[in-house]
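The values are calculated or read from the model by the stated rules, or taken from the named source; none is laboratory data. Because the structure is a prediction, the values reported are computed rather than measured. Positions of Cβ are backbone-derived with ideal geometry, glycine not excepted, and every protein chain shown enters the neighbour counts. In case anyone asks, the SASA skips ligands and DNA or RNA and just uses the protein heavy atoms, side chains included. Shrake-Rupley method; radii C 1.70, N 1.55, O 1.52, S 1.80 Å.
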Amino acid sequence: MTPLILALLAGAAAGVSLGALGAGGSILTVPALVYLLGFTPAAATTASLVVVIVTSVTALVAHARAGAVRWRAGLLFAAAGVLPAAGAGALSSRVPATVLTLLFAALAALAGLHMLGRRAPRENGAVSGARAAGAGAGLGAVTGFLGVGGGFLAVPALVTVLAVPMSAAVGTSLLVVGANALVALAARAYTSVHLDLTLLLPFLAAAVLGAWDGRRLAAKVSAGTLRRVFGAVLLAVAVAMGVSAVL
């Protein structure tokens, strides 16, 4: 297969992951853009934010139509991450590409291990405002700095911190992820990073199609199976990126 076809398949997989799990989209997007389409790490993290915004909104519509989004909880969580996402997004452009790659590989490894070992988070009826603000701020900072949505952090945090039922956590996560990515992208607007739209737009289209189908796939395949598959993929991506960064 050509790199472009592989990239389109990766885009579709990223969309499916977001639509079905509310997580994993950008962590698949960044390495695909770098290693298959030739984007620089800085351009890939910025382009990833574009992909996350559009695919998250697409998948959010599907979840909202099914009544599986807690709007108030999602907006509260996202609001706490606005300033950290903006600050980290502005700081990211000053970090060397090798450092960004290694940090991204480490995060991908943690996300992969989390998905492989994760059980359904236990719902917590007592919601702490401080805990909600802290979790939202941390998620916003990760999104702004590395160009990832952080859905693998958002879903369990929404359940355990904001008492969102698991049935609505994925859809609500998409609201948080999309909002944080939008803020982070706005913070990078002044940078001179060039995005090759002739390569990005086909990738984005594949991701959107995958996101739209993600919820239907989630209804047919157990969430545990999907998490294990994407967890294994993320670990492989982490190893590949880490090795390439140090060689």
Looking at (1) over 16 Å from the mean Cα position of the chain (by Cα); (2) free of Cβ contacts under 8 Å to residues at least 60 places away in the same chain; (3) within 24 Å of Phe203 (Cβ to Cβ), which one does Pro96 not meet, given that it meets all the others? (3)
Got a sec? Which helices (runs of 4 or more DSSP H) wholly within segment 131-247 have at least 1 residues that are at pLDDT 80 or above? 166-187, 197-220, 223-246
Residue check for Gly11: small (Gly, Ala, Ser), open to solvent by less than 20 Å² (accessible area, probe 1.4 Å), at pLDDT below 85 and under 26 Å from Arg228 (Cα atoms): yes
Go through segment 51-107 and count every residue that is under 23 Å from Ala211 (Cβ atoms), part of a helix (DSSP H, G or I) and open to solvent by less than 60 Å² (accessible area, probe 1.4 Å). 20
